[in-house]
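Some notes on the structure that comes next.
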Amino acid sequence: MPRHAERGDRMSAFEDMVRWLNDPLNWTNPDGIIDRLQEHLLIMAGTLPLALAFAWPIGIALGRTRVGGNVVVLLSNITQAVPVLALLTVLPLTALGFGKPSVIVALAVFAVPVLLATSFTAMREIDPEIRDAARGMGLSNWQQLWRVELPLAVPYLAAGFRTAAVQVAATAALASFVNGGGLGTIIAAGFGLGMAAAGGQILAGGLLVVALALLVDALGAILQRVVTPRQLRKARRA
């Protein structure tokens, strides 16, 4: 195919995408962008707490002992070794069935490695002398954790949460493979119609997923700054 024809096809697909996004019905109709975005956010709202509930307690506990590095590496490798698409294929055949529960579990497994690694590192990076000083002040083990260690670990924990949230926002587009909804359904529906008929819709769906991931990253950066104690922010700038 001549280059000018390929260029024309790309421009036509881009124009179709702009027209598709500018059609109000594609936003407000049942199963439109707003509905699919709500489904996408619902998946994220179920995935991230589940991943956090598993990864943070283990990472923090092992990081405090300073002897769990091999366990963290093992758990991270196991969860990373299983592709999300493979989990989305297997989990619907279990009691979870097709739909959002399978998607949430699969994405939670995908989010665990980064949350586990950052929480472990957060505890490992705390100066042992700070722990000694806290014990010298008479703080109990729990008081030391909540009043000293966790505030110091916040930058790492927030960074891990931000990364995991972006990963989940982007990967949740695969939910459409198992009838889980989300923005990926727009892309899947477009492929069902074919590139010639729905190339603009496919591009629009991809753009929406990318835009959401970038928005989540920006909000994560703001959250990371807000929750980081002012003294730690000043120390980092210095």
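Miscellaneous remarks
- Distance between the range 14-45 and the range 124-166 - C-alpha centres, whole angstrom: 41 Å
- Summarising the label geometry, the points placed 7 Å from Cα in the beta-carbon direction at residue 218 and residue 137 lie 3.9 nm from one another.
- Over the chain: helical MRE at 222 nm, DSSP H runs n ≥ 4 each giving -39500 (n - 2.57), nearest 500: -26000 deg cm²/dmol
- Between the alpha-carbon centres of the range 95-122 and the range 187-210 there is a gap of 27 Å.
- Solvent-accessible surface of the chain, taken per residue with a 1.4 Å probe and all protein chains present: 55 Å².
- Portion, in percent, of the accessible area of the chain that falls on carbon or sulfur, probe 1.4 Å: 66 percent
- Amide N proximity, the range 105-133 versus residue 73 label position 7 Å along Cα-to-Cβ, cut-off under 20 Å: 112-126
- Label point 7 Å beyond Cα of residue 23 along Cβ direction - residues of the range 172-203 with amide nitrogen under 11 Å: 198-202
- Segment residue 14-residue 35, length gained on full extension (0.36 nm per residue, minus Cα span): 5.2 nm
- J(HN,Hα) series, the range 194-199, from Karplus relation 6.51 cos²θ - 1.76 cosθ + 1.60, nearest Hz, glycine and proline x: x, 4, 5, 8, 9, x
- Between residue 45 and residue 195, the modelled labels are 3.7 nm apart [label points 7 Å from Cα along Cα→Cβ].
- Distance distribution note for the chain: the fraction of Cα pairs above 27 angstrom is 48%.
- Only one residue of 156, 177, 109 has its Cα farthest out toward the positive end of the dipole of the range 106-190, where Lys and Arg carry +1 and Asp and Glu -1 on Cβ, and that residue is 177.
- Applying the criteria of a DSSP loop state and at most 12 other Cβ atoms within 10 Å to the chymotrypsin sites (Phe, Trp or Tyr not before Pro) of the range 151-218 yields no site.
- Taking GluC sites (Glu not before Pro) across the range 116-157, the ones in a DSSP loop with at most 16 further Cβ atoms lying within 10 angstrom of their Cβ are 125.
The values are calculated or read from the model by the stated rules, or taken from the named source; none is laboratory data. Since the structure is predicted, the reported quantities are computational estimates derived from the model, not experimental observations. No Cβ is skipped: glycine too gets one built from the backbone with ideal geometry, and neighbour counts run over all protein chains shown. Surface areas here come from the heavy atoms of the whole protein model, side chains and all, with no ligands, DNA or RNA. Shrake-Rupley method; radii C 1.70, N 1.55, O 1.52, S 1.80 Å.
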